[in-house]
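These notes concern the structure reproduced below.
The values are calculated or read from the model by the stated rules, or taken from the named source; none is laboratory data. Given the structure is predicted, the values throughout are model-derived calculations rather than measurements. Cβ placement follows ideal geometry from the backbone for every residue including glycine, while neighbour counts extend to all protein chains displayed. Calculation scope for accessible area: heavy atoms of the full protein, side chains included, ligands and nucleic acids excluded. Shrake-Rupley method; radii C 1.70, N 1.55, O 1.52, S 1.80 Å.
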Amino acid sequence: MKKILYFALLGLLIACNKSGKNSIETPRAIPHKNNQESLKAKKGPKIKYNEYVYKNLPRIKDDPQLKKQKVIFYKDDYYSVIYSLDDIHKMDILFPILKSDKPINPDDSYTQSGTWKDYMDQNEEKQTFSFGSEDGQDNFFLVYAYYLRKKNGDAKFKSTREKLIAIYHTLNSIYDEIEYGGTFFGHQYSRIYGYAEYSVYQLTQNQKPYVRESNFNLQKDKFFKSLQNYITKKECDNVENKMDKKQAQERKTEFKQKIDSLKLLTSNYYFLYQLQHFDKHYRQLKKL
């Protein structure tokens, strides 16, 4: 009987020890096989970067013969912009806004076209054609003028074009002199060719709005009086002029010569209208 009780107590103690061990240990979480498979599925198939990014880029082959043929877009003693016919071929494809049936002004054209475009060459390598940076924008305006001049007619509007460029350059030089120079005015020198060509385009579309000779002289006098008042005010506020009377007189003479030249160039209502529009746009750009 004692042996039976002994073994019964021993069995009870062993059972209690096993129960206590389980209550202390924290069971480990074992990932379910289905969860592991779902995690793998979320990664998705591996795609080559080149295929994903470049598959829809235009394919443009270099043309060695066209590369040899150059077109001068602008050239003077200090600066030149020259592209090859191969470059022009690429522009035709990458910047279709330059050949638009309904051209818009050069500022909006530049913004809407995008400053740079990628393409794939004959070796399936990515290349970039860019008009980025301030100098790049200058070049875009010259290219814009080149394309639009072909549309307007180069010879037909030659004298009108030259007079517009002279008007815009003269006004630019007046503001340049007032502000004692700056990069803005240098960049405008190139971009004026784009502005002038768009002014020619406006004339080709409708000449009637510019045939208003009745109040031409009145409006012309009003514009130049306003411009002269602006110059006078800026020069009166000029500290250097107050310190150097000789310089002040020289600047006054120079401004008068430029104003007189601008008046001669503004020979009819069309040129006055374009001068007024350019002056307004110019002041907005420079915040004058």
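When Y230, Y198, Y269 are checked against the criterion of being open to solvent by 30 Å² or more (accessible area, probe 1.4 Å) and either closer than 21 Å to S159 by Cα or among the aliphatic types (A, V, I, L, M) (or both), a single residue qualifies: Y198. In this structure, Q247 qualifies as assigned to a helix (DSSP H, G or I), modelled with pLDDT under 90 and either open to solvent by 40 Å² or more (accessible area, probe 1.4 Å) or among the hydroxyl-bearing types (S, T, Y) (or both).
Which one is nearest to K233 (Cα to Cα), of the residues in segment 141-168 that are among the small types (G, A, S) and open to solvent by 10 Å² or more (accessible area, probe 1.4 Å)? In this case the residue turns out to be A166. Return yes or no: is Y78 in a loop (DSSP other than H, G, I, E, B), hydroxyl-bearing (S, T, Y) and out of contact with any His (no Cβ under 9 Å at 6 or more places or on another chain)? Here the answer is yes, as Y78 does meet what is asked.
If K287 satisfies every condition in (1) open to solvent by 30 Å² or more (accessible area, probe 1.4 Å); (2) on the phi < 0 side of the Ramachandran plot but one, which is the exception? Here K287 meets the rest and fails (2).
Okay, residues lined up against (1) farther than 30 Å from L264 by Cα; (2) of a type in the set (V, I, T):
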residue	(1), (2)
I97	yes, yes
I104	no, yes
Q112	yes, no
E124	yes, no
E134	yes, no
F140	yes, no
Y144	no, no
R149	no, no
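Among the residues of segment 188-204, is there at least one that is over 30 Å from I88 (Cα atoms) and at pLDDT 90 or above? Looking for residues that are over 30 Å from I88 (Cα atoms) and at pLDDT 90 or above, one finds none in segment 188-204, hence no.
Looking for something at pLDDT below 90, out of contact with any Cys (no Cβ under 9 Å at 6 or more places or on another chain) and more than 30 Å from S130 (Cα to Cα) - is there at least one such residue anywhere in segment 68-79? There is no residue in segment 68-79 that is at pLDDT below 90, out of contact with any Cys (no Cβ under 9 Å at 6 or more places or on another chain) and more than 30 Å from S130 (Cα to Cα).
Among the conditions (1) open to solvent by less than 80 Å² (accessible area, probe 1.4 Å); (2) modelled with pLDDT under 90, the only one that P31 does not satisfy is (1).
Counting the residues of segment 233-276 that are closer than 17 Å to N172 by Cα and in contact (Cβ under 8 Å) with a residue 60 or more places away in the chain gives 13.
Per-residue answers, yes or no, for (1) surrounded by fewer than 13 Cβ atoms within 10 Å (Cβ to Cβ); (2) of a type outside the set (F, W, Y); (3) in a helix (DSSP H, G or I):
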{"position": "L98", "(1), (2), (3)": "no, yes, yes"}
{"position": "D107", "(1), (2), (3)": "no, yes, yes"}
{"position": "Y110", "(1), (2), (3)": "no, no, yes"}
{"position": "Q127", "(1), (2), (3)": "no, yes, no"}
{"position": "N139", "(1), (2), (3)": "no, yes, yes"}
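Each residue in segment 257-285 was checked for being out of contact with any Asp or Glu (no Cβ under 8 Å at 6 or more places or on another chain), under 14 Å from Y230 (Cβ atoms) and charged (D, E, K, R), and 3 of them qualify. A single member of L171, L218, L203 is loosely packed, with under 12 Cβ neighbours inside 10 Å, assigned to a helix (DSSP H, G or I) and over 19 Å from the mean Cα position of the chain (by Cα), and it is L218. Would you check which residues across segment 82-96 are part of a strand (DSSP E or B) and either polar (S, T, N, Q) or surrounded by fewer than 17 Cβ atoms within 10 Å (Cβ to Cβ) (or both) and list them? Result: I82, S84.
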